[in-house]
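Asker: The following block contains the structure, expressed as structure tokens.
The values are calculated or read from the model by the stated rules, or taken from the named source; none is laboratory data. These numbers were taken from a predicted model, which means no experiment stands behind them. Cβ placement follows ideal geometry from the backbone for every residue including glycine, while neighbour counts extend to all protein chains displayed. Heads up: the accessible areas ignore ligands, DNA and RNA and are worked out on the full protein's heavy atoms, side chains in. Shrake-Rupley method; radii C 1.70, N 1.55, O 1.52, S 1.80 Å.
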Amino acid sequence: MAANDTSTRLLEIYDALYRRYGALNWWPADTPFEVCVGAILTQNTNWLNVEKAIANLKREGLLSAEAIREVHQERLAHAIRPSGFFNVKSVRLKGFVQWLFERHGSLDAMFIGDWQELRAELIAVPGIGPETCDSILLYAGEKPSFVVDAYTRRLFSRLGLVGEKDDYHRVRSLFMEHLPGEVPLFNEYHALIVEQCKRHCRKKPSCEGCPLGRACCLATP
């Protein structure tokens with residue numbers, strides 16, 4: 001498929017999803033730092049569990065970089081227990097905050113400068129994989145870095161645009177290379193993908209009423 005054709009198709013998919021679901025207003029957070037925490041906590045769990053963990057952190061006055069730096073790890077782990085893998089995630093949160101202070105001094109300072117260089121730095125932080133990194137860049141830093149997750153791979157493999165086994169970089173490059181690098185577009189597109197996969201493009205698909213209709217490889221001829 002030619003580059004222009006791919007760009008057109010990606011935008012047509014976006015338009016179809018937006019017409020169905022409207023603006024979804026992601027990421028649900030009060031501050032950029034809360035986005036960072038949520039991006040780490042959502043690894044290997046669902047968002048409802050993350051919300052419970054974040055509510056605990058707010059109630060205990062722990063939802064700031066300074067508070068997480070100073071709190072004992074056992075207390076932090078207890079607060080984020082609803083998110084699962086809480087011992088591992090408490091280590092990751094503390095590691096991220098330590099790196100943040102040592103390397104940049106603050107979250108605002110972290111987002112100043114070239115975001116692609118920052119992306120390379122963030123991915124090197126233990127526990128910050130590509131999806132977590134891109135979520136932080138896009139939703140906390142408002143940088144045009146497209147977020148890919150399992151939903152993205154599932155939907156776009158069924159649409160014939162990526163392979164089921166394509167790695168993160170390959171799937172992300174589809175969007176980075178063929179869409180305008182616009183933060184609002186990337187923000188909304190990822191949210192729409194998640195909504196589409198929750199409603200229709202499940203592991204066991206529910207195709208009736210799907211807004212993408214016959215664009216999907218699973219559709220009957």
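Asker: Specify the angular offset, from 0 to 90 degrees and rounded to the nearest 10, of the alpha carbon long axis of helix 168-178 from the longest principal axis of the alpha carbons in the chain.
Answerer: Helix 168-178 sits roughly 60 degrees off the main axis of the chain.
Asker: Two decimals, Cα atoms only, Kirkwood Rh: what is Rg/Rh over region 109-154?
Answerer: Result for region 109-154 is an Rg/Rh of 0.98.
Asker: Now, a different point. Taking the solvent-accessible surface of protein heavy atoms with a 1.4 Å probe, what is the per residue accessible area of region 1-43 in Å²? Can you show the working numbers first?
Answerer: On the way: 2170 Å² over 43 residues.
Averaged over the residues of region 1-43, the accessible area is 51 Å².
Asker: Hey, what angle do you get for helix 183-199 against the long axis of the chain, alpha-carbon based, 0 to 90 degrees rounded to 10?
Answerer: The helix 183-199 is inclined about 70 degrees to the chain.
Asker: With respect to the cross-link table entries 143/204; 58/198; 94/203; 58/204, which display a Cα-Cα separation exceeding 32 Å? All intermediate terms of the calculation are to be shown ahead of the outcome.
Answerer: Working: 143/204 34 Å; 58/198 28 Å; 94/203 34 Å; 58/204 37 Å.
Violating the 32 Å limit, Cα to Cα: 143/204; 94/203; 58/204.
Asker: Using a basic spin-label model with each label point 7 Å from the Cα along Cα→Cβ, how many nm lie between residue 20 and residue 66?
Answerer: 4.6
Asker: 222 nm [θ] for the chain, helices only, -39500 (n - 2.57) per DSSP H run of 4+, per residue, to 500?
Answerer: Dividing the helical sum by the residues of the chain leaves -17500 deg cm²/dmol.
Asker: Sorted by mean Cβ packing within 10 Å, highest first, what order do the peptides 80-92, 15-27 take?
Answerer: Result, highest mean Cβ count within 10 Å first: 80-92, 15-27.
Asker: Quick one: compute the contact order of region 52-163, relative version, from alpha carbon pairs under 8 angstrom and 6+ residues apart, as a percent.
Answerer: Computed value for region 52-163: 15 percent relative contact order.
Asker: So, in nm, how far is label residue 182 from label residue 4 when the simple model puts each one 7 Å beyond its Cα toward the Cβ?
Answerer: 2.0
Asker: Please list the radius of gyration and Dmax for region 4-96, considering alpha-carbon atoms only, with Å as the unit.
Answerer: Cα radius of gyration and Dmax of region 4-96 are 17.1, 54 Å respectively.
Asker: With axes computed from alpha carbons, what is the tilt in degrees of helix 47-59 against the longest principal axis of the chain, rounded to the nearest 10 within 0 to 90?
Answerer: 30
Asker: If one computes P(r) from the Cα atoms of the chain, what percent of pairs lie at distances over 21 Å?
Answerer: 56
Asker: Another question about this same structure. How much of the accessible area of region 1-152, probe 1.4 Å, is carbon plus sulfur, in whole percent? Walk me through the numbers on the way to the answer.
Answerer: Numbers: 3740 of 7520 Å².
The C+S portion of the solvent-accessible surface of region 1-152 is 50 percent.
Asker: When the Cα centres of region 85-113 and region 172-188 are compared, how far apart do they sit, in Å?
Answerer: Rounded to whole Å, the Cα centres lie 26 Å apart.
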